[in-house]
Structure formats: structure tokens, C-alpha cells
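**Q** Pasting a structure here, questions to come.
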Amino acid sequence: MKVLKGLYYSINHEWVKVEGEEAFVGITDYAQEHLGDIVYVELPEVDDEFEREDSFSVVESVKAASDVYLPVSGKVLAVNEALEDEPALLNTDAYENWIVKISLNDKAELDELMTSEEYEKFLTEEA
């Protein structure tokens, strides 16, 4: 199971990759592995605004449907439209295939998230 360095992680198994005042958000390798074969991804609309921990997407697999929560507040700048046609891309590489790109409302919210080292420890404790 992969955990990439340089990203922020939530307890709900989302990752955040920060680029200046913007961020890409997706689900972790752990999340996709536990969901199983992903068959559908519900994407938000561009310009939708979300508060921290709001559900912004639903990922459906052959096992279950799971809400995906935004680890930081922000406005949707772009969605990964490739996931509409090929949702299994999240199974192929959960870190390359982001779900949304957002503008960050408050970078201080990142302090509430885990580093890669903290997330790896969290996964060990959760197992």
C-alpha cells in the first residue's frame, strides 16, 4: 500500500497536494484498496464551494458507495472528467488520479491534517 511523501492526509483517507493557493484532492491507495473495483465517481460542479469535511463526491465500487470528504475548505476550480468515463483509474493509481482541484480558503486548515509519516502510523494503528 502506497503513501506518498509531501502530501497531506485525512482520517477519512483523502489526500491533499498543495500547489501555491490551490490544491488537488483525491482518495488514498488504502481507500481504493478497501473499496475494491470502482465503477462510478460522482463529481461536483466547477465553482461549487465546500466547507472542511463536507462531502463533495461519491465513489461507488462493486462493494459499496462511499462519500468523499473535502479535508480543507475551498472552491472547486476543476474536476477530473476522465473519472466519468473511467472511474477505475482510481484503482490504477489513486495518487495520480485526483478528483478535484480547489482554491484553498484557509491554508491553516492543512495543519489539522496528517503528514505521510503520521498517516502511515495511523494506518498501522487502524489495521
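Derivation of every value follows stated rules applied to the coordinates shown; laboratory data play no part. All figures in this text were calculated on a predicted structure; none of them were measured in a lab. Ideal geometry is used to build each Cβ from the backbone, glycine not excepted, and the neighbour counts take in all protein chains shown.
**Q** Which numbered condition in (1) surrounded by 15 or more Cβ atoms within 10 Å (Cβ to Cβ); (2) closer than 17 Å to Asn80 by Cα; (3) under 13 Å from the mean Cα position of the chain (by Cα) is the only one that Tyr8 fails?
**A** Single failed check for Tyr8: (2).
**Q** Sort out which residues of the stretch 98-127 are surrounded by 12 or more Cβ atoms within 10 Å (Cβ to Cβ) and aliphatic (A, V, I, L, M), and write them in order of number.
**A** Across the stretch 98-127, the qualifying residues are Ile99, Val100, Ile102, Leu104, Leu110, Leu113, Met114, Leu123.
**Q** Right, another one. Does Tyr40 satisfy the criteria of being free of Cβ contacts under 8 Å to residues at least 60 places away in the same chain, hydroxyl-bearing (Ser, Thr, Tyr) and under 15 Å from Tyr8 (Cβ atoms)?
**A** Working: free of Cβ contacts under 8 Å to residues at least 60 places away in the same chain: yes; hydroxyl-bearing (Ser, Thr, Tyr): yes; under 15 Å from Tyr8 (Cβ atoms): no.
Here the answer is no, as Tyr40 does not meet what is asked.
**Q** For the stretch 52-68, which residues satisfy the criterion of being buried (at least 19 other Cβ atoms within 10 Å of the Cβ) and of a type outside the set (S, T, N, Q)?
**A** Initial filter on the stretch 52-68 (buried (at least 19 other Cβ atoms within 10 Å of the Cβ)): 56-57, 59, 61, 66, 68.
Listed by number, the residues that qualify are Phe56, Val59, Val68.
**Q** Kindly check whether there is at least one residue in the stretch 11-18 that is among the basic types (Lys, Arg) and within 26 Å of Glu126 (Cβ to Cβ). Explain how you work it out, then say what you get.
**A** So in the stretch 11-18, the residues among the basic types (Lys, Arg) come out as 17.
Imposing the further condition that a residue be within 26 Å of Glu126 (Cβ to Cβ) reduces the set to 17.
So far as the stretch 11-18 goes, yes, one or more of its residues are among the basic types (Lys, Arg) and within 26 Å of Glu126 (Cβ to Cβ).
**Q** Would you tally the residues in the stretch 79-97 being surrounded by 14 or more Cβ atoms within 10 Å (Cβ to Cβ) and out of contact with any helix residue (DSSP H, G or I) (no Cβ under 9 Å at 6 or more places or on another chain)?
**A** Adding up the residues that qualify gives 3.
**Q** Of a type in the set (Gly, Ala, Ser) and under 13 Å from the mean Cα position of the chain (by Cα): which single residue out of Ser66, Ser61 fits that description? Outline the logic, then answer.
**A** Numbers: Ser61 fails: under 13 Å from the mean Cα position of the chain (by Cα).
Sole residue among the options that is of a type in the set (Gly, Ala, Ser) and under 13 Å from the mean Cα position of the chain (by Cα): Ser66.
**Q** Of Glu14, Glu21, Glu51, Glu45, which residue is touching a residue at least 24 places away in the same chain (Cβ under 8 Å), charged (D, E, K, R) and under 15 Å from Asn105 (Cα atoms)?
**A** Values: Glu14 fails: under 15 Å from Asn105 (Cα atoms); Glu51 fails: touching a residue at least 24 places away in the same chain (Cβ under 8 Å); Glu45 fails: under 15 Å from Asn105 (Cα atoms).
It is Glu21.
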